[in-house]
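Notes follow the structure.
A short reminder: the numbers here are calculations on the coordinates, not readings from a lab. Because the structure is predicted, anything quoted here is derived from the model rather than measured. When we count neighbours, we look across all protein chains shown, and the Cβ atoms used for this are built from the backbone with ideal geometry, even at glycine.
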């Protein structure tokens, strides 16, 4: 185990050094209840192998995490009779990532009555020339 994995709280959950309220587990992933839930049912899905973010995770672990998200997400929606599910994944502290181990938040959404405003923003038409310019910047880095 690397020094990073020794200090990573999610790696410690995977190695059973820190307890969690486990919801689901398979050979590559584990899903557990978030200890700081936005709403009831807020859960996390992580790879068992340490990866910091989307750019660091292996393609196989990425697929496994999202397959687990699909399974656990469906169960969350049924359990909480939620008509929606926010699937949130942050990369880097500037984006709000606080645990530097790839993870996906699954947050049941009940619409306006759940009072979580962070997942809504105004729809404004963008400038097509700026949109194209930004897309070309991204394409040049592929």
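Inter-part distance, the range 29-66 to the range 67-105, computed on C-alpha centroids, equals 7 Å.
Treating each Cα of the chain as one equal point scatterer and applying the Debye formula with no solvent, the log10 of I(q)/I(0) at q = 0.12, 0.15 Å⁻¹ comes out as -0.58, -0.85. Running a GNM on the chain with Cα contacts under 10 Å, which residue among 31, 95, 75 ends up with the highest mean-square fluctuation? Greatest mean-square fluctuation among the candidates belongs to 95.
What percent does the relative contact order of the range 3-141 come to when contacts are Cα pairs within less than 8 Å and at least six residues apart?
Values: 190 pairs, mean separation 30.9, N = 139.
Worked out over the range 3-141, it gives 22 percent.
What ranking do 101, 66, 42 get, fewest neighbouring Cβ atoms within 10 angstrom at the top? Let's see the in-between values first.
On the way: 101 24, 66 16, 42 20.
Listing 101, 66, 42 from fewest to most nearby Cβ atoms yields 66, 42, 101.
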